[in-house]
Each structure stands twice: as structure tokens, then as C-alpha cells.
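S.K.: The structure that follows is given in the form of C-alpha cells.
The values are calculated or read from the model by the stated rules, or taken from the named source; none is laboratory data. For clarity, every value in this text was computed on a predicted model and none was experimentally measured. Glycine also receives a Cβ, built like all others from the backbone with ideal geometry; neighbour counts cover every protein chain displayed. The area values use the complete protein model at the heavy-atom level, side chains included, leaving out ligands, DNA and RNA. Shrake-Rupley method; radii C 1.70, N 1.55, O 1.52, S 1.80 Å.
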Amino acid sequence: MDAMAIGREAVMLCDRIWRNARLATLRSDRSGLGEVPDGIVACRDTRIVYAGATVDAPAGLDAADRIDCAGRWITPGLIDCHTHLIYAGDRSHEFELRMQGASYAEIASAGGGILSTMRATRAASEEALVESALPRLDALIAEGATTVEVKSGYGLDLDSERKQLRAARALALRRPITIAATFLGAHAVPPEAGTADYYIERVCTEMIPAVADEQLAEAVDAFCEGIAFSPEQTARVFAAAQAHGLKLRLHADQLSNTHGAALAARFGALSADHLEYTDLAGVLAMAAAGVVAVLLPGAFYFLRETQRPPVELFRLRRVPIALATDCNPGTSPLTSLLLTMNMGAILLGLTIDECIAGVTREAARALGRLADAGTLEAGKFCDLAIWDIERPADLVYRMGSNPLYARVWRGQ
Ligand SMILES: [Zn+2]
């Protein structure tokens with residue numbers, strides 16, 4: 001920050017100041033949401049230089065652009081840390097069949113499921129994938145999202161996975177948003193691969209090295225489940241990812257307890273996601289390794305699950321809890337972080353503070369981006385959501401309304 005002397009007063013110039021605001025800073029060194037009843041946020045270039053109480057602001061802090069927030073609430077920009085936003089095709093027909101009583105096996109044998117999305121995604125151009133994802137991304141942006149994670153996993157061959165990851169990264173050229181791309185080659189076995197072991201070999205020896213070489217993704221994810229890949233196959237994927245310097249995430253224990261949470265912990269993964277069937281040993285392993293629990297209430301709701309993730313154990317053992325949409329065409333066609341928070345409270349039993357932290361600070365932690373995002377603190381990117389609400393609880397309480405007043409991405 002510039003500090004220049006004008007007369008005897010030091011003036012600290014920044015680009016923009018949001019003043020007369022109530023802040024939910026989400027700072028982890030404060031209790032609750034780190035609330036500040038009369039606060040300001042000051043930004044220089046793309047980063048916050050001050051966020052806190054007006055009375056504590058550095059003397060002489062000033063900017064040409066001073067925005068009066070009229071007492072509105074400012075939170076960190078929202079973060080969706082688990083999506084499958086890039087895909088082609090439409091699965092609403094499957095939904096119709098399901099509502100008429102068809103089973104998953106019947107839908108799959110009629111050509112539905114992940115493989116139907118794979119066929120459509122393989123057939124689509126990179127530009128078509130970007131175009132079809134933009135309305136979904138815009139829905140997230142309209143509710144204040146400033147960072148969105150996007151997984152591949154519907155290409156399931158090297159060229160198609162590359163195309164999906166390029167399309168994910170291209171979203172950041174089309175909208176003011178931070179995109180975190182994750183390689184999810186180990187999502188399902190493509191029909192031409194024959195066996196899961198053969199396909200995992202291709203993932204480890206061809207796909208992960210290429211993705212790392214071309215810097216198409218910052219993390220690797222896998223679907224560890226009875227209907228997908230075994231813990232042993234997942235461990236091979238993780239070892240290959242680590243050898244190439246990529247971060248790890250895992251779809252774990254969603255439909256059964258395959259001890260995926262413990263596996264994620266053993267490899268030092270950033271997060272384990274879903275976790276409906278995770279047991280105490282899995283929770284303890286996550287706590288010891290600092291793995292974030294990413295809960296996905298949209299999929300829980302859409303699949304009419306009844307087995308809830310062990311929220312009380314996560315709380316007791318201080319496992320950080322994040323929330324995400326899991327936006328995908330098959331099991332969570334959800335593009336609202338506000339509704340995700342409501343579902344987190346109603347369906348999973350999270351507190352208001354846990355829900356809001358889950359789509360800000362803890363979501364940033366799940367992406368390994370807490371140094372840059374997730375709280376209102378000096379040094380982080382100036383990503384803000386400004387809300388027309390009386391209390392932060394309004395963000396979780398309402399269903400189907402959007403009180404976003406303004407959204408700021410990197411100071412703009
Ligand atoms: Zn997912």
C-alpha cells in the first residue's frame with residue numbers, strides 16, 4: 001500500500017473501499033462468523049488490504065472509489081468446491097423414468113447413467129461443452145460464487161478428458177471467476193476398456209502424466225465405491241497423482257463403507273467427499289490428517305438417501321466441514337449454493353455457522369486455497385458477496401430466493 005505524506009497526515013491509498021457494511025469475515029481466529037457490526041473492506045489491485053471494524057482501520061486509509069453499502073452484509077465470495085459442471089447431454093428423461101418407478105439397473109440397461117453422459121460428452125466439441133456449462137455457472141455466479149471447482153470424468157479417454165479440462169479452464173476466460181480444475185478420470189470404466197484394472201492402468205500411466213504435463217488440472221479425484229473403483233485401484237491412482245505433484249480429492253463412502261475416508265487420510269488428500277457411510281475410524285483418520293469433509297446434500301436429497309454422514313463425529317473430532325452442490329446431470333442437478341446451505345441445515349443437521357463456513361472458508365480449505373480465498377482478511381483476493389439481508393442466517397433460512405445485492409471478483 002502506498003503511504004505518502006500529505007502535510008502531517010499519512011494517506012494510505014487503495015483502489016476501492018466498501019464502507020458502512022456489516023461483515024461476516026469468517027476469520028478462524030474469531031468466534032462464530034467473525035462478525036463486524038460496522039466495517040469496511042479496502043482493496044488494492046486484486047487483493048484485500050484491510051477488512052474489519054471501521055474504528056480500527058489504519059489512519060488515512062482512503063480510495064477514490066468509496067462505496068456506501070448502507071448497512072448491507074458482506075461475506076467472502078461463495079466457493080463451490082465440488083462440481084461436475086462440464087458435461088453434454090440431458091438426463092431429465094432418466095429422471096422421468098425414475099419417477100415412474102424404474103430402477104437404476106433398468107435405467108442403466110436402457111443406456112442411461114454416467115455412460116450416457118460420457119457418450120454425449122465425447123461427441124461434443126470443446127466450445128459446445130463451454131456453452132452448455134455457462135448457464136449452470138451463471139446460476140452459481142448469480143448467488144455470489146467467485147470460485148468454482150470443476151471435475152472431468154465424463155470423457156473417460158485421454159482426449160475427451162483433456163477436452164473437458166480445457167473447457168473447464170475456458171470458463172474462466174468467459175466469466176470473472178476462479179476455476180479450480182480436477183481430473184476425475186477414475187469416475188467409471190468406459191465400455192471399451194474391458195476391465196477396471198486395465199482402465200486404471202491407463203489412468204495412471206497415460207492420463208495422469210499427460211494432465212500433469214499440460215497443467216490441465218491441479219488435483220486428481222476418484223470414485224471409490226462398490227459400483228466404481230476399489231480402494232486398491234484408488235490407491236494406485238493416488239500414488240500416480242502424488243508422483244506428478246497433484247493434489248488429491250476423493251468421492252468416498254457415499255453408498256457403502258469402503259473405508260474411502262481412511263484411504264484419503266492415508267494419502268494426505270485435501271478432502272474426502274460425500275461420506276454418508278464413513279465410520280468412526282474414518283473420521284479419526286480424517287481428523288489426524290486434516291482432511292476436509294465435503295458434504296453434498298444435493299445428491300443426498302436427489303437419491304432419497306437416508307444414511308446421513310456422521311456430522312456429530314466430525315464436529316466432535318474437529319474435522320472441517322465444507323458444503324458443495326456436486327452439480328452433475330445424474331444425481332445432483334443443483335446450481336444453488338444457497339439451497340445447498342438450506343439442505344445442509346435441514347437434511348444433514350448443520351448449524352447456520354457451519355453452513356456459511358462450509359461454502360466459504362472450509363470450501364477454500366478443501367481446495368487448498370485458504371491462503372487466497374474463503375475469508376475477509378488482508379492479503380487474500382478481494383472476492384466478496386454483498387447481501388440484502390438482516391442477518392447471516394437469512395442466507396440459510398430462505399428457499400428459492402436470492403438476496404445477493406452485488407458480487408465482487410478480485411476487486412472488480
Ligand atoms: Zn461428485
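S.K.: Basic (Lys, Arg) and surrounded by 20 or more Cβ atoms within 10 Å (Cβ to Cβ): which single residue out of Lys247, Lys163 fits that description?
M.R.: Lys163
S.K.: Can I ask one more? Could you check how many residues of region 291-332 are among the β-branched types (Val, Ile, Thr) and at pLDDT below 95?
M.R.: 1
S.K.: Looking at region 242-270 only, could you name the residues that are within 15 Å of the ligand (Cβ to nearest atom) and touching a Cys at 6+ places or on another chain (Cβ under 7 Å)?
M.R.: Leu250, His251, Ala252, Gly260
S.K.: Now a separate question. Could you list all residues from region 288-337 that are of a type in the set (A, V, I, L, M, F, W, C), farther than 24 Å from Lys247 by Cα and open to solvent by 10 Å² or more (accessible area, probe 1.4 Å)?
M.R.: Hits for region 288-337 are Phe300, Phe302, Leu303, Leu313, Leu316, Leu334.
S.K.: How many residues, within region 112-129, are more than 19 Å from Leu303 (Cα to Cα) and either assigned to a loop (DSSP other than H, G, I, E, B) or charged (D, E, K, R) (or both)?
M.R.: Looking only at that region, the number is 6.
S.K.: Mind checking which residues of region 348-389 are open to solvent by 20 Å² or more (accessible area, probe 1.4 Å), touching a Pro at 6+ places or on another chain (Cβ under 6 Å) and under 20 Å from Gly290 (Cβ atoms)?
M.R.: Correct list: Arg365 only.
S.K.: Further question on the same structure: Kindly list the number of the only condition in (1) of a type in the set (Gly, Ala, Ser); (2) at pLDDT 95 or above; (3) open to solvent by less than 20 Å² (accessible area, probe 1.4 Å) that fails for Ala142.
M.R.: Only one criterion in (1) of a type in the set (Gly, Ala, Ser); (2) at pLDDT 95 or above; (3) open to solvent by less than 20 Å² (accessible area, probe 1.4 Å) is unmet by Ala142, namely (3).
S.K.: With (1) touching a residue at least 60 places away in the same chain (Cβ under 8 Å); (2) away from the ligand (no atom under 16 Å from the Cβ); (3) under 16 Å from Ser271 (Cβ atoms); (4) not basic (Lys, Arg) as the list, and Asp388 as the residue in question, which single condition is left unmet?
M.R.: The one condition Asp388 does not meet is (3).
S.K.: Identify all residues within region 27-80 that are open to solvent by 40 Å² or more (accessible area, probe 1.4 Å), among the charged types (D, E, K, R) and in contact (Cβ under 8 Å) with a residue 24 or more places away in the chain; write none if there are none.
M.R.: Arg27, Glu35, Arg44, Asp45, Arg47, Asp62, Asp65, Arg66, Asp68, Arg72
S.K.: Here is a check on your reading of the model: is Gly282 more than 21 Å from the chain's Cα centre (by Cα) and surrounded by 24 or more Cβ atoms within 10 Å (Cβ to Cβ)?
M.R.: So Gly282 passes the test.
S.K.: Could I ask something else about it? Inside region 217-230, can you point out the residues that are open to solvent by 40 Å² or more (accessible area, probe 1.4 Å) and either of a type in the set (S, T, N, Q) or modelled with pLDDT of 95 or more (or both)?
M.R.: Glu218
S.K.: Further question: Of all the helices (runs of 4 or more DSSP H) wholly in region 338-406, which have at least 2 residues that are under 20 Å from the mean Cα position of the chain (by Cα) and closer than 15 Å to Leu26 by Cα?
M.R.: Hits in region 338-406: 352-358, 361-366.
S.K.: Can you name every residue in region 294-313 that is among the hydrophobic types (A, V, I, L, M, F, W, C) and more than 14 Å from the ligand (Cβ to nearest atom)?
M.R.: Residues satisfying the conditions are Val311, Leu313.
S.K.: On the basis of being within 16 Å of the ligand (Cβ to nearest atom), in contact (Cβ under 8 Å) with a residue 60 or more places away in the chain and touching an Asp or Glu at 6+ places or on another chain (Cβ under 7 Å), does Ala324 make the cut?
M.R.: yes
S.K.: Can you pull out the residues in region 182-235 that are within 16 Å of the ligand (Cβ to nearest atom) and among the β-branched types (Val, Ile, Thr)?
M.R.: Hits for region 182-235 are Thr182, Val220, Ile227, Thr234.
S.K.: Taking Ala269 as meeting all but one of (1) touching a Leu at 6+ places or on another chain (Cβ under 8 Å); (2) outside any loop (DSSP other than H, G, I, E, B), write down the number of the exception.
M.R.: (2)
S.K.: Looking at (1) more than 20 Å from Met399 (Cα to Cα); (2) surrounded by fewer than 24 Cβ atoms within 10 Å (Cβ to Cβ); (3) more than 16 Å from the ligand (Cβ to nearest atom), find the lone condition where Ala345 falls short.
M.R.: (1)
S.K.: Hey, another quick one. Taking Phe238, is it farther than 29 Å from Thr306 by Cβ and within 16 Å of the ligand (Cβ to nearest atom)?
M.R.: no
S.K.: State whether the residues of region 91-109 include one that is hydrophobic (A, V, I, L, M, F, W, C) and surrounded by fewer than 14 Cβ atoms within 10 Å (Cβ to Cβ).
M.R.: Checked against the condition, which is being hydrophobic (A, V, I, L, M, F, W, C) and surrounded by fewer than 14 Cβ atoms within 10 Å (Cβ to Cβ), region 91-109 yields at least one hit.
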